[in-house]
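Worksheet: the structure to be examined is printed underneath.
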Amino acid sequence: MNRRFEGRVAIVTGAAGGIGTAIATRLAAEGANIVMADLKADAAQSAAAALETESIGVGCDVGEEDQVEACVQAALDRWGRLDVVVNNAGLMTFKSLGEWTGDDWLKVLRVDLLGAAFFTKRVLLHCGKRGGAIVNIASVHAVETSANAAPYAAAKAALLSLTRTTAIEGRDRRVRANAVLPGAIETPMLWQNPNLKSGVETIDKRDVGQPADIAAAVAFLASDEAKFVTGASLAVDGGRLAKL
């Protein structure tokens, strides 16, 4: 496998399972030192210990700016640099529009949007002349959605806008920002979706990808091979959005 990230440092949020673990594993396999950030510190530490590279696990509620700052500082204290941030942490809950409360909205937005914004701020402050890459994990729900997931869909749509703004403001700092839009991916989060359980939504098995598919896209966008790609949104969905 290529060693495109040899000597570089990457933070992956929501790293203790599913897509996050796959991303961290792929970047580590290509030489990156990894900060595995997750809400559950013990799970983050266990996941970090399983990587075949130098890595640390850090407990981090991405919706709390002081915890995001501490996570970034942990990377700087350990390696003295930060090159890549993958904003993967996400929360999806299900209610109809008439049932959502303000607190319900804020709970989702804090994780799915503000967490990425807080990490983006830190990247812009700390990457310096070396530059860096941000990859935001959005969703096909940012483009086409379904009932009962309004805050998640809205947050992911806003994340695409944040990605574009970061690409503009990051240009002079040599910070690139891109987004990946996963479709249906083989994770517990997919099969716990109540819309699937109830039959409101159905998914063709051919439309279900693997976490490694997302990790491969992230590795490309974070690498120097994508040095002229910024502000882009890449659907990794098996063609799901291409259907009428």
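Quick notes on this one:
- Matching residues in region 216-244 - criterion: being charged (D, E, K, R) and without any contact (Cβ under 8 Å) to a residue 24 or more places away in the chain: 243
- Residue 243 vs. criteria modelled with pLDDT of 95 or more, loosely packed, with under 14 Cβ neighbours inside 10 Å and out of contact with any Ser or Thr (no Cβ under 7 Å at 6 or more places or on another chain): no
- Residue selected from region 50-85 under the condition at pLDDT 95 or above and over 24 Å from residue 170 (Cα atoms), by the criterion surrounded by the fewest Cβ atoms within 10 Å (Cβ to Cβ): 78
- For region 223-243, a tally of residues being closer than 16 Å to residue 167 by Cβ and outside any strand (DSSP E or B) returns 7.
- Residue satisfying all of: in region 19-37; of a type in the set (Val, Ile, Thr) and surrounded by fewer than 24 Cβ atoms within 10 Å (Cβ to Cβ); farthest from the chain's Cα centre (by Cα) among these: 25
- Hey, residue 54 of a type in the set (D, E, K, R) and farther than 15 Å from residue 118 by Cα or not: yes
- Contact annotation: residue pairs with Cβ atoms under 8 Å, 6 or more positions apart or on different chains, pairing a residue in region 134-154 that is surrounded by fewer than 20 Cβ atoms within 10 Å (Cβ to Cβ) with a partner that is in a helix (DSSP H, G or I) and of a type in the set (D, E, K, R), are 140/240.
- For region 37-87, the set of residues classified as small (Gly, Ala, Ser), in a loop (DSSP other than H, G, I, E, B) and either more than 19 Å from residue 137 (Cα to Cα) or touching a Cys at 6+ places or on another chain (Cβ under 8 Å) (or both) consists of 50, 80, listed by residue number.
- Which listed residue is farther than 30 Å from residue 103 by Cα, at pLDDT 95 or above and under 15 Å from the mean Cα position of the chain (by Cα), from 226, 222: 222
- Residues in region 122-130 include at least one that is modelled with pLDDT of 95 or more, crowded, with 23+ Cβ neighbours inside 10 Å and either among the hydroxyl-bearing types (Ser, Thr, Tyr) or under 28 Å from residue 234 (Cβ atoms) (or both).
- The set of residues in region 163-183 that are under 15 Å from the mean Cα position of the chain (by Cα) and surrounded by fewer than 22 Cβ atoms within 10 Å (Cβ to Cβ) contains only 183.
- Residue 101 meets the conditions (1) surrounded by 15 or more Cβ atoms within 10 Å (Cβ to Cβ); (2) modelled with pLDDT of 95 or more; (3) of a type in the set (Val, Ile, Thr) in every case but one. The failed one is (1).
The values are calculated or read from the model by the stated rules, or taken from the named source; none is laboratory data. Keep in mind the model is a prediction, meaning the values are calculated, not measured. Glycine also receives a Cβ, built like all others from the backbone with ideal geometry; neighbour counts cover every protein chain displayed.
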